[in-house]
1. Which members of region 14-52 meet the condition of being part of a loop (DSSP other than H, G, I, E, B) and in contact with an Asp or Glu (Cβ under 9 Å, 6 or more places away or on another chain)?
2. Which residue is farthest from E86 (Cα to Cα), if the candidates are limited to region 96-128 and must be open to solvent by 60 Å² or more (accessible area, probe 1.4 Å), modelled with pLDDT of 90 or more and among the acidic types (D, E)?
3. Can you name the residue in region 129-175 that is at pLDDT below 95 and open to solvent by 80 Å² or more (accessible area, probe 1.4 Å) and is also farthest from the chain's Cα centre (by Cα) among such residues?
4. If you scan region 53-93, which residues turn out to be over 21 Å from D134 (Cβ atoms) and either outside any helix (DSSP H, G or I) or among the small types (G, A, S) (or both)?
5. Search region 95-120 for residues that are more than 16 Å from G26 (Cα to Cα) and β-branched (V, I, T) and pair each with any residue that is outside any loop (DSSP other than H, G, I, E, B) and open to solvent by 40 Å² or more (accessible area, probe 1.4 Å) when their beta-carbon atoms are under 9 Å apart and the residues are at least 6 apart or on different chains.
6. Taking the stated definitions as given, is S58 polar (S, T, N, Q), open to solvent by less than 50 Å² (accessible area, probe 1.4 Å) and more than 16 Å from the chain's Cα centre (by Cα)?
7. Is it the case, given these coordinates, that E86 is open to solvent by 20 Å² or more (accessible area, probe 1.4 Å) and of a type outside the set (A, V, I, L, M, F, W, C)?
Amino acid sequence: MTQFFLIRHGEPQWDINEQYNLKGHGRDLVPLTDTGVDQVYAAAKDHRLQQAEIILSSPYPRALQTAAILSKELGLDIRIEFDLREWQPDLTFEYDSLERLKELGDDYDANHGVYPPGEPRLWESKELLKKRMDQVIDKYSGFQKVIIAGHGMAFRTLVGEVGEIPHASIIEYSK
């Protein structure tokens, strides 16, 4: 059995989205704030991470920056896994505001991540998200302890958590 340590990225600098009027996946290009960086440095001191063998990361900058700090502090290599990216709120990549993101997320939550019968949705279903996360995790089943730097909704879906996962917090997950 492999022990995974799921670490949500530190606090992101979301205001860049409005400053540059970003939309779709462009909204995922934000780095961490100074507070977010400090959060990750603090998380790197957690005793549970000391025996990890590798760090996996989402390709988004906030997760990559989180993984880079962990790598520096723990002396571990990073592997980027595209399918560790965050939940996709709009499969057309057209959403362009925090308000629209909130609407899509609220609709996802109201439907528990399941498309209502006969009613298509723009967002990625819980089933699709969990499937792609599980495929990555299964690739690393030969390791004993693995750190994954990633995202709140993806981790919530993977482990069945309800509610917000705090920035730079660590969730233990075995498979």
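1. N21, L22, K23, V30, T33, A44, K45
2. E119
3. Per the criteria, the residue is K175.
4. A68, S71, G75, L76, D77, D90, T92, F93
5. From residues that are more than 16 Å from G26 (Cα to Cα) and β-branched (V, I, T), the pairs are V114/K126; V114/E127.
6. Details: polar (S, T, N, Q): yes; open to solvent by less than 50 Å² (accessible area, probe 1.4 Å): yes; more than 16 Å from the chain's Cα centre (by Cα): no.
No.
7. Yes; evaluated as a whole, the condition is true for this residue.
The values are calculated or read from the model by the stated rules, or taken from the named source; none is laboratory data. Keep in mind it's a predicted model, so treat the numbers as computed, not measured. All Cβ positions, glycine included, derive from the backbone under ideal geometry; neighbour counts span all protein chains shown. SASA here: full protein model, heavy atoms, side chains in, ligands and nucleic acids out. Shrake-Rupley method; radii C 1.70, N 1.55, O 1.52, S 1.80 Å.
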